[in-house]
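Here the structure is laid out as structure tokens; the discussion comes afterwards.
The values are calculated or read from the model by the stated rules, or taken from the named source; none is laboratory data. Since the structure is predicted, the reported quantities are computational estimates derived from the model, not experimental observations. Because the Cβ atoms are built from the backbone with ideal geometry, glycine has one as well, and the counts that use them run over all protein chains shown.
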Amino acid sequence: MTGLTKDKLVIDGGVPLYGEVRISGAKNAALPLLAATLLAPGEHVLHNVPDLRDTRTMLQLLESLGAHWERQGDTVRVNTETLTSAEAPYDLVKTMRASVLVLGPLLSRMGYARVSLPGGCAIGARPIDYHLKGFEVLGVHSALDQGYVEAKVADRLKGGCIRFGTPSPTATENLLMASVCAAGETRIENAAREPEVGNLVDMLNAMGANIEGKDSNCLIVHGVERLHATTVSVIPDRIETGTYMIAVAACGGKVLLKDCVPDHLQALSEKLQLCGLVIEAGASDMLVYCPEGERGSECALQSIDVVTQPYPGFPTDLQAQFMALMTLSKDTAIIHETIFENRFMHVAELARMGADITIEGSRAVVRGSGRGGLSGAPVMATDLRASASLVIAALAARGRTEIFRIYHLERGYEKMAEKLRGLGARISRQRE
């Protein structure tokens, strides 16, 4: 994070957004796909890989294990012909929870892995118990040693039945990668159904795996002897797409979102349409705008309650952004967070801008003050999606907002300030 901690975003709000923006590849899909390259020797080619702090960290982690890589535009080539290490060090893992995704591939290919307990955003405990219990079913012995997970298997991994108490995308992905070369059949029940999991299933099958049940809550893996390198494309980022949709609802205007998958955002689209946003979806784009002259000041927002749920429900990764929108509505909205226990850290910062929000356990009561109810203020980002909520609030607020600790934002949004400037926003990145 050297250097990035000294930068801030400066936003002069009150400007509607117009134009078009291309959606980047999904961070939450790119990370498991990059980890999956460890499963088979050879050169893997990944297209539409976003250039983010998290993807750069994952590539550094692969390099520390012995892989070689190069990037040209949004195409990344990863050569995993020879691996020289099975240890993911703390210095790399501490900034990104998805680093734990190398556990499954390393166990599958090398029979051993030593991975530091992961870090990332401070939005809750997010233990890796599901991962370790699933690995145990596959014949893995694991132990915690000085902040590291040390896992090994005596012989080849063996298939078994794994059932999650609640769906976990990262655990589903990790155990999928561990089981593809396990002896026999593996069933993963109550599996996560996120599109990013489906993207990984497609890659693994292209590598020679035999996985049934894509997009369902039961994945059946028929173990194969070996896999081979492949070429794959990262799906568009549904969270980035949703963030820009909410920004248009907050600011007004008319924006064409290109290279996205509208079907991945049905839960959000339904809520935004109830709020008053108009959404015209095509096969790979969406036109979103506020009616009545398309200006936010002329489009009163309806207050809508939301409950975060696993996919295909309302995404927890869009909760903070939607909360920022609800501060601009004309009544009271209830936001119930069911996924992470500490994902209201942005509330205090929104309050600095004039928001009226009360936390009641896992619920936030948002009393909207209508259009123009927020005013610019210095605020500090606390995690990735909280950063995006502050950007949305600042775009809609009266006056100037300074957002500090934007390194959180750069973990998951590619060229956000540049894209927003292309839509007419008055936003710049400056030294603190």
Would you mind finding the one in Leu46, Leu92, Leu31 that is modelled with pLDDT of 95 or more and either assigned by TED's automatic domain parsing to the domain that holds Leu257 or assigned to a helix (DSSP H, G or I) (or both)?
-> Leu31
Would you check if there is a residue in the range 176-185 being assigned to a helix (DSSP H, G or I), buried (at least 21 other Cβ atoms within 10 Å of the Cβ), under 23 Å from the mean Cα position of the chain (by Cα) and of a type in the set (Gly, Ala, Ser)?
-> yes
Among the residues of the range 197-217, the number that are closer than 19 Å to Ala30 by Cα and β-branched (Val, Ile, Thr) is 2
For the range 213-228, enumerate the residues that are touching a residue at least 24 places away in the same chain (Cβ under 8 Å) and either at positive phi or part of a strand (DSSP E or B) (or both).
-> Cys218, Leu219, Ile220, Val221, His222
When the range 126-150 is examined, which residues are found to be small (Gly, Ala, Ser) and at pLDDT 95 or above?
-> Gly134, Gly139
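Might you check whether a residue that is among the charged types (D, E, K, R), buried (at least 17 other Cβ atoms within 10 Å of the Cβ) and not assigned by TED's automatic domain parsing to the domain that holds Cys251 occurs anywhere in the range 58-68?
For the range 58-68, residues among the charged types (D, E, K, R), buried (at least 17 other Cβ atoms within 10 Å of the Cβ) and not assigned by TED's automatic domain parsing to the domain that holds Cys251: absent.
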Hits in the range 140-153 (condition: in contact (Cβ under 8 Å) with a residue 40 or more places away in the chain and either among the charged types (D, E, K, R) or more than 23 Å from Ser116 (Cβ to Cβ) (or both)) | Lys152
Could you please find all residues in the range 362-406 being hydroxyl-bearing (Ser, Thr, Tyr) and either outside the structural domain of Ala333 (by TED's automatic domain parsing) or at pLDDT below 90 (or both)?
-> Thr382
Which is in a strand (DSSP E or B), touching a Leu at 6+ places or on another chain (Cβ under 9 Å) and either touching a residue at least 12 places away in the same chain (Cβ under 8 Å) or not small (Gly, Ala, Ser) (or both), of Ser369, Ser428, Ser387?
-> Ser428
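Residues are listed down the side, and each one gets a yes or a no for (1) in contact (Cβ under 8 Å) with a residue 24 or more places away in the chain; (2) surrounded by fewer than 18 Cβ atoms within 10 Å (Cβ to Cβ); (3) hydrophobic (A, V, I, L, M, F, W, C):
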{"site": "Lys27", "(1), (2), (3)": "yes, no, no"}
{"site": "Ala30", "(1), (2), (3)": "yes, no, yes"}
{"site": "Leu33", "(1), (2), (3)": "yes, no, yes"}
{"site": "Ala40", "(1), (2), (3)": "yes, no, yes"}
{"site": "Glu70", "(1), (2), (3)": "no, yes, no"}
{"site": "Val76", "(1), (2), (3)": "yes, no, yes"}
{"site": "Asn79", "(1), (2), (3)": "yes, yes, no"}
Filter the range 256-289 down to the residues that are in contact (Cβ under 8 Å) with a residue 60 or more places away in the chain and buried (at least 23 other Cβ atoms within 10 Å of the Cβ), then identify the one that is farthest from the chain's Cα centre (by Cα).
-> Leu257
When the range 377-421 is examined, which residues are found to be more than 23 Å from the chain's Cα centre (by Cα) and either buried (at least 24 other Cβ atoms within 10 Å of the Cβ) or more than 12 Å from Leu9 (Cβ to Cβ) (or both)?
-> Ala377, Ala396, Ala397, Arg398, Gly399, Thr401
Scan the range 65-86 residue by residue and report those that are touching a helix residue (DSSP H, G or I) at 6+ places or on another chain (Cβ under 8 Å) and more than 22 Å from Gly412 (Cα to Cα).
-> Leu65, Ala67, Thr80, Leu83, Ser85, Ala86
Identify the single condition in (1) farther than 30 Å from Leu384 by Cα; (2) in contact with a strand residue (DSSP E or B) (Cβ under 6 Å, 6 or more places away or on another chain); (3) modelled with pLDDT of 95 or more that Ala113 does not satisfy, given that it satisfies every other one.
-> (1)
